[in-house]
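Comments concern the structure below.
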Amino acid sequence: KAAEATFDFDAKPAPEPMPAGVLVSSRRLGQVWAVSLEGKPLWKKAFEGELSRAKLLPNGHLLLSHRGRAVIEEYDADGKVVWSAGEGKLGGDVLDLDRLPNGNTLVAHSSGNRVLELDPQGRTVWAVPVAQMPISATRLPNGNTLVAILYGKPGEDDFTNGRVEELTRTGRAAWSHDGLSMPTDAQLLPDGHVLVAEQGANRVAELNRDGEVTWQYRCEASPNSARRLPDGTMVLNDTTQGILLVDKEGKVVRKLDATERAGKLSLIPAGTPIPRKPE
């Protein structure tokens, strides 16, 4: 009873810390760079060829996929490749990737119409097929995988339609919403809603589990990716304005960067060391 008298049954979990900044990869420029939420440039590095998606790992290493070669590489703080996978095995494009807590790497193998999990030796330890082109993939706390998929008419190279799916480990759709216009990025929110960058509709929309739009932000042009922050604000990239910070009311708080308006963004978790050799 003494314990019950002092225990706060309504205690809320500690709030998630704000990210250290935003990481952007540019297919056109062949660059990856970091910018703070105040719009301060933090770091930039050029790479050969076209890039797809980049993530900063907790140890400060950079995880990067190369467009067209389906090669995934991990670079240390000095820019040295310390791990790679996919060369000669995947083919085509990898449009999203992430390092999982178990050390494996989640891959949206867009050209292969599948989502993969690779172990540290680069071996495929899990794979599920999807309808057509997976363009983003995120492992959820429940072990499922949230995927944004583009698809077109049979025989036509026109991926203007799409859906968002939550896939179980067996590849079954635990939840899905169809009829979207080029969804290029999806994020599960704490309340169970899903935030979707809907490129073809020029908007970022929040969907509930019935697929209803509960909130949306109309972009001037196409958003390639978007992430809701712990304080409710949102970071997105608009192909006209660049990287924007938008508040809950849909007002632009500030423009963070306009170097590349079509690059893919990801958040840099708080405490992640930024690579120390700027260019």
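Here are the numbers for this structure:
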{"quantity": "Extended-chain gain in nm, criterion 0.36 nm per residue less alpha-carbon gap, Val213 and Val253", "calculated": "12.1 nm"}
{"quantity": "Heavy-atom surface of region 95-214, accessible at 1.4 Å and reported per residue (Å²)", "calculated": "41 Å²"}
{"quantity": "Apportionment of accessible area to carbon and sulfur, the chain, percent (1.4 Å)", "calculated": "49 percent"}
{"quantity": "Over the chain - Rg/Rh using Cα atoms and the Kirkwood inverse-distance radius", "calculated": "0.97"}
{"quantity": "Relative contact order (%) - criterion: Cα under 8 Å, at least six apart; region: region 149-259", "calculated": "14 percent"}
{"quantity": "Region 81-125: radius of gyration and largest Cα-Cα distance (Dmax), Å", "calculated": "9.9, 28"}
{"quantity": "Ellipsoid equivalent to region 169-279 - semi-axes via the Cα gyration tensor, in Å", "calculated": "24, 18, 14"}
{"quantity": "Region 133-150 residues near the modelled Arg172 label - backbone nitrogen below 16 Å, point 7 Å along Cα→Cβ", "calculated": "143-145"}
{"quantity": "Of Lys45/Lys251; Lys80/Lys251; Lys55/Lys248; Lys40/Lys248; Lys44/Lys255, those spanning more than 29 Å from alpha-carbon to alpha-carbon", "calculated": "Lys45/Lys251; Lys80/Lys251"}
{"quantity": "Amide proton proximity set for Cys219, modelled H, under 5 Å, gap of 5+", "calculated": "Arg203, Val204"}
{"quantity": "5 angstrom amide H check on Leu51, placed H, neighbours 5+ away", "calculated": "Arg27, Gly30, Arg67"}
{"quantity": "Phi to ³J(HN,Hα) by Karplus 6.51 cos²θ - 1.76 cosθ + 1.60 over region 170-184, Hz, x for Gly, Pro", "calculated": "8, x, 7, 7, 6, 7, 8, 9, 9, x, 8, 9, 6, x, 10"}
{"quantity": "Kirkwood Rh and Cα Rg combined as Rg over Rh, evaluated for region 76-235", "calculated": "0.97"}
{"quantity": "Helical mean residue ellipticity (222 nm; -39500 (n - 2.57) per DSSP H run of 4+; nearest 500) of the chain", "calculated": "-500 deg cm²/dmol"}
{"quantity": "Diffusion constant of region 59-133 at 25 °C, which comes from Stokes-Einstein with the Kirkwood Cα-pair radius and 0.890 mPa s, µm²/s", "calculated": "198 µm²/s"}
{"quantity": "Per-residue ³J(HN,Hα) for region 108-122, Karplus 6.51 cos²θ - 1.76 cosθ + 1.60, θ = phi - 60°, Hz, x for Gly and Pro", "calculated": "8, 7, 5, 6, x, 6, 7, 10, 10, 10, 9, 7, x, 8, x"}
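The values are calculated or read from the model by the stated rules, or taken from the named source; none is laboratory data. Remember, predicted model here, so these are calculated numbers, not experimental data. Every residue, glycine as well, gets a Cβ built from its backbone with ideal geometry; the counts of neighbours run over all protein chains shown. Each accessible area value is taken on the protein alone, full model and side chains, heavy atoms only, with ligands, DNA and RNA left out. Shrake-Rupley method; radii C 1.70, N 1.55, O 1.52, S 1.80 Å.
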